[in-house]
Every structure is written in structure tokens, then in C-alpha cells.
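Reading through the C-alpha cells given below for one structure.
The values are calculated or read from the model by the stated rules, or taken from the named source; none is laboratory data. Source: prediction; values computed, not measured. For neighbour counting, all protein chains shown are included, and Cβ atoms are generated from backbone atoms with ideal geometry for every residue, glycine included. The protein model used for the area step is the full one, side chains on, heavy atoms only, and it has no ligands, DNA or RNA in it. Shrake-Rupley method; radii C 1.70, N 1.55, O 1.52, S 1.80 Å.
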Amino acid sequence: MDRLVARRWLRFAPLGLLALGAALALHGPAHDAAGSAAWDAPAPPLHLADDRGGVFDLASRRGGVTLVYFGYTACPDVCPTTLGDLERVWPYLGDDAASVRVVFVTLDPARDTPAALHDYLANFAPAPLGLTGAPDAIAAAARAWGITWYPAEDGRFIDHTSVVAVVGPDGRLRLRYGFSQLGDPQAIARDLRRVLHDG
């Protein structure tokens, strides 16, 4: 890890710990994350322009599982690592893969145009759906989803909470993974399948 990345990681660490402490689902020994009734709550609304010329409304995803992640395309480490970790889950979802979708909400709408989002997300399979909008709309959405973020290194980067929120088929928030909780794709796949079939 070079010095720049180390400095950025140390600066990111408090946000990561905050996300971890607020995690809605931690993998226990049995990976029974979806059983936590304490976090069975309505998901915040999410209604933004997407990277394919349409408009995304989370309410339209009833019946499927949606993974919501806030990040930005110029992120040098945490965002691509998170998306790469999620990509590894898909082979373990089997027939349920078509019912699970990742939504990537940019925290940098000035630079992350729909075209830029689309090109960036095409590097992952299946490609997440990119969401963007006016800065005030992005800020409101981030606050509603419990995301903390601020510019770093003269605006070149954004330090932000890195969490993946899982919304069940009924539109309720069921799980939330911190950055360090995404290392076991088989366990996550089991969680997601349980949410899909039990929720």
C-alpha cells in the first residue's frame, strides 16, 4: 500500500467504522443476517435519473432484491473493490440472480454524467444501474440513506461511508454490509436468497 493510499485509508477508517457500527447485518457464524427483525424497516425513497436515459424509482423494484451503494467513479479504491466483491456473489445466486440488482448512486454528480456512469459500471458484471441527479437531490438521498461524505485532497476525492444496503421484495430495508463484510460471496448469496424468498 503506497503512502497516498495509506493516508486515504486511514482517513476513511473512521467512516468505515461508523458504517460497521451501524451495520444492519453482520455475518454471524451461521450467516443468518436476514433474521434480524430489529432492522426490518421501510427503505428510504430513491427516485433519480439513471445512466440509461430513464428514471429509477425504488418502489418499482417490488418483488426483487435491490442492493444500494453510494460512491463515485473516480474513487481509487473502496468503490471498485466493493463493486468487485459484489460481482463475485452472482455465480452463487443461481436462478435467483435475475431477481437481484445493484444500484450505484453517485456522490459526484458534477463529474459523473450518465454516460460516465454507464461506461464505468460496464466494467462490472452484471453492470449495476447508475443513478445521478441534481446535487441537492443527491445530497438529500445520501442523507436519507445514512451516508456521510465530504471532499478530500482539494476535491480530487470524496471520503464517504461505504455500505451496501439490501432492500427486500417488500420494499423494506433488511441488511446492510460494511466495507469489510463483503469478503464471503457464498455467505452473501445465502443472505440475499433468504431475503428474496422470505421477504
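Things worth noting here:
- Residues that are open to solvent by less than 20 Å² (accessible area, probe 1.4 Å) and in contact with a strand residue (DSSP E or B) (Cβ under 6 Å, 6 or more places away or on another chain) within the stretch 52-70 comprise F56, V65, T66, L67, V68, Y69, F70, listed in sequence order.
- Test for L117: is it in contact with an Asp or Glu (Cβ under 8 Å, 6 or more places away or on another chain), farther than 15 Å from A74 by Cα and not small (G, A, S): no
- Segments classed as helices (runs of 4 or more DSSP H), wholly inside the stretch 105-199, with at least 2 members that are in contact (Cβ under 8 Å) with a residue 60 or more places away in the chain and charged (D, E, K, R): 185-198
- Taken together, the residues in the stretch 159-182 that are out of contact with any helix residue (DSSP H, G or I) (no Cβ under 7 Å at 6 or more places or on another chain) and surrounded by fewer than 21 Cβ atoms within 10 Å (Cβ to Cβ) amount to 2.
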